[in-house]
1. What is the fewest-to-most order of 20, 34 by other Cβ atoms lying within 10 Å of their Cβ?
2. Within a 10 angstrom radius of the beta carbon, how do 52, 71 rank from fewest other beta carbons to most?
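All of the numbers you see were taken from the coordinates with simple rules; none came from a lab. Since this is a predicted model, take the numbers as computed values, not measurements. Every residue, glycine as well, gets a Cβ built from its backbone with ideal geometry; the counts of neighbours run over all protein chains shown.
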């Protein structure tokens with residue numbers, strides 16, 4: 001089990017996407033390419049492995065115009081190259097969804113995420129990444145890059161989503177006390193005790 005101090009260094013920068021979290025996004029987007037994967041943890045049929053070096057590939061040539069690419073990049077110092085590549089690929093017509101650490105104080109966030117992607121979803125709560133016993137000690141966000149065209153240049157929208165699907169909550173139904181009945185409109189206070 002990795003120690004918690006590794007989370008803040010570049011010693012361990014591979015964070016496998018939690019399957020339940022990915023499934024919720026897959027229900028919204030049609031993912032056809034996983035750009036940061038291994039054969040063991042890929043989320044799509046088409047994927048790039050570290051040996052293939054996805055940073056040197058043209059992702060937009062593999063994904064259909066109505067498809068989406070998925071990116072959960074290594075979280076070390078190399079992350080700037082990945083978010084820069086995602087921003088660049090969106091300019092070539094690629095729709096891409098990225099799971100990133102919510103490090104809003106970094107240059108890469110301000111240069112290649114905020115103001116560049118279409119939507120940022122701040123994850124409420126901490127994700128429990130595959131292969132780790134505890135939740136991550138850092139917050140996460142989902143950056144959504146729609147295929148860029150001059151017609152769809154919009155500001156970045158910021159919303160939130162939950163780290164875990166909440167259990168279904170049923171509304172409470174309150175019964176009116178037996179001794180009270182509702183009076184017709186125009187009466188004193190709307191309620192009266194029975195027998196009055």
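1. Values: 20 12, 34 23.
Taking fewest neighbouring Cβ atoms as first place, the list is 20, 34.
2. Ordered from fewest to most neighbouring Cβ atoms within 10 Å, 52, 71 come out as 52, 71.
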